[in-house]
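Q: Sharing a structure below in structure tokens format, with a few things to ask.
Computed from the coordinates by the stated procedures, all read-outs in this text should not be read as laboratory data. Keep in mind that this is a model prediction, so the values were computed, not measured. Virtual Cβ from ideal backbone geometry, glycine too; neighbours counted across all protein chains shown.
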């Protein structure tokens, strides 16, 4: 029996939605998962797989208009090189362009190992990065072997760094909804349309814009907008809906295992994010056959949705129309067959590695 080559995947955290992909890697390679940190908005994200590399994490809040727009995290793990040396991989995959990818690049150059960056950023999400960060990224992509991207919108940014198309492995992002959708039976018959949005409660997710839109639309339509999520701006957003509680409500602390009921009770999903490398709730809505309208700033929307299902959340008329279309039930479902499964994702990467 042919011995499988060793693959090491280095990531910041082991996200639950990627577990199926990692399991598939374990089937096709002799795979080790190393994770290098934790992030405050994902404290419950422990999947039970992977090995923690000692180090520390620096959270950096991004402030815009005197409020928390987003968080960025720096993960520093001085022992990562020694972990790689002990594992002796044939292939390394690291996500993003931070400290861990620099360490992986150094190891790959010293020991002639194939090294790929796993990347999801777009021209929009990376529009404000500084010159030093851009120079660092150009340096890394000059010497690594390949870049794994989330479709054309992500590849566009990578090519802006000088990477040739033949160095790019295009895949889709993946949401682990199989354990939920397999139990899907029927939609609950709501007396009024129930439109949902699932997101962290920060400004970047476009929640403020959605609330104001729902207020305007409530003047001529009957509906319920349910926003599911937790985050630092919960109290601020709750106060913003004052007087409109009949139309807008929040649900916090919903475990992932209970999301089947949330989706089962939805007549439509709206995703007004102002910036996302890939908006995974689009995948989930498609999988559950829920009509979805998504922001033009949501990575994945361009790859998965037709133009009529996309809108600009910064345009009041556009976001109002998107919400009204969902309420009026004139948004068509997208065929779930367009979604990639874990096997197809890993097989595409394996073939690109000439395995």
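Q: Taking only C-alpha pairs under 8 Å that are 6+ residues apart, what is the relative contact order of the chain in percent?
A: Rounded, it is 14 percent for the chain.
Q: Mind jotting down the three principal axis lengths of the stretch 159-285 based on Cα atoms? Whole angstrom, largest first.
A: Taking the Cα atoms of the stretch 159-285, the three principal extents are 54, 34, 28 Å.
Q: Another question about this same structure. Need the full-extension length gain, residue 321 to residue 64, defined as separation in residues times 0.36 nm minus the C-alpha distance. One decimal, nm. Intermediate results must be reported in sequence, preceding the final value.
A: Details: separation 257, 0.36 × 257 = 92.52 nm, distance 2.69 nm.
Residue separation times 0.36 nm, minus the Cα-Cα distance, leaves 89.8 nm.
Q: Any idea what angle helix 151-160 forms with the longest principal axis of the chain, computed on alpha-carbon atoms, 0 to 90 degrees, nearest 10?
A: It is inclined by approximately 60 degrees.
Q: Additional query: Kindly provide the helix-only [θ] at 222 nm of the chain, computed as the sum of -39,500 (n - 2.57) over DSSP H runs of four or more divided by all residues, to the nearest 500 deg cm²/dmol? Present the calculation step by step, with values, prior to reporting the outcome.
A: Values: 13 runs with 117 residues, N = 355.
So the helix-based figure for the chain works out to -9500 deg cm²/dmol.
Q: Full extension from residue 52 to residue 81: what is 0.36 nm times the residue separation minus their Cα-Cα distance, to one decimal in nm?
A: 9.1 nm
Q: Provide the gained length on full extension for the span residue 236 to residue 252, in nm with one decimal, where the gain is 0.36 nm per separating residue minus the Cα-Cα distance. Display every interim value, and only then the final one.
A: Working: separation 16, 0.36 × 16 = 5.76 nm, distance 1.40 nm.
That pair, residue 236 and residue 252, stretches by 4.4 nm at full extension.
Q: With each pseudo-label sitting 7 Å past Cα toward Cβ, what's the residue 164-residue 330 distance in nm, one decimal?
A: So the two model labels end up 4.9 nm from each other.
Q: Sticking with this structure for a sec: How would you classify the stretch 219-355 from its alpha-carbon gyration tensor, with a ≥ b ≥ c the square roots of the eigenvalues: rounded for a/c under 1.5, else prolate if a/b is greater than b/c, otherwise oblate? Numbers along the way, then the final one.
A: Details: a/c = 1.97, a/b = 1.65, b/c = 1.19.
Cα axes put the stretch 219-355 in the prolate bin.
Q: Determine, for 276, 189, the number of other Cβ atoms within 10 Å of each Cβ, and report the residues in order from fewest to most. Don't skip to the end; give the middle numbers.
A: Values: 276 25, 189 6.
Result, fewest neighbours first: 189, 276.
Q: Roughly what % of DSSP beta bridges within the chain run antiparallel, to the nearest 5? Please report the intermediate quantities before stating the final value.
A: Numbers: 9 of 51 bridges.
Within the chain, antiparallel bridges account for around 20 percent of the total.
Q: Compute the separation of the alpha-carbon centres of the stretch 138-169 and the stretch 235-274 and state it in Å as a whole number.
A: The stretch 138-169 and the stretch 235-274 have Cα centres separated by 36 Å.
Q: Report the label-to-label distance for residue 212 and residue 145 in nanometres (one decimal), using points 7 Å from each Cα along the Cα→Cβ vector.
A: About 4.9 nm, to one decimal.
Q: If you take the beta carbon distance between residue 338 and residue 27 as r and set R0 to 25 Å, what does 1/(1 + (r/R0)^6) give as a FRET efficiency, to the nearest 0.05?
A: Working: r = 24 Å, r/R0 = 0.95.
Working from the Cβ atoms, E equals 0.55.
Q: Please give, to one decimal in nm, the separation of the simple spin-label points placed at residue 135 and residue 123, each 7 Å out from Cα toward the Cβ.
A: So the two model labels end up 2.5 nm from each other.
Q: Then there is this: Relative to the longest principal axis of the chain, what angle (0 to 90°, nearest 10) does the C-alpha long axis of helix 342-352 take?
A: 40 degrees
Q: Report the relative contact order of the stretch 124-173, percent, no decimals, based on alpha-carbon pairs under 8 angstrom and at least 6 residues apart. Spell out each step's value before the answer.
A: Values: 37 pairs, mean separation 19.6, N = 50.
Reported relative contact order: 39 percent.
Q: Taking 22 Å as R0, compute the FRET efficiency from the Cβ-Cβ separation of residue 189 and residue 245 and round it to 0.05. Don't skip to the end; give the middle numbers.
A: Values: r = 23 Å, r/R0 = 1.04.
Efficiency for this residue pair is about 0.45.
Q: Moving to a separate point now. Among 10, 254, rank each residue by its count of other Cβ atoms within 10 Å, from fewest to most, as a rough exposure measure.
A: Details: 10 28, 254 14.
Arranged by neighbour count, lowest to highest, 10, 254 become 254, 10.
Q: Determine, from the Cβ-Cβ distance of residue 112 and residue 348 and an R0 of 30 Å, the FRET efficiency 1/(1 + (r/R0)^6), rounded to the nearest 0.05. Spell out each step's value before the answer.
A: Details: r = 24 Å, r/R0 = 0.80.
E(calc), rounded to 0.05, equals 0.80.
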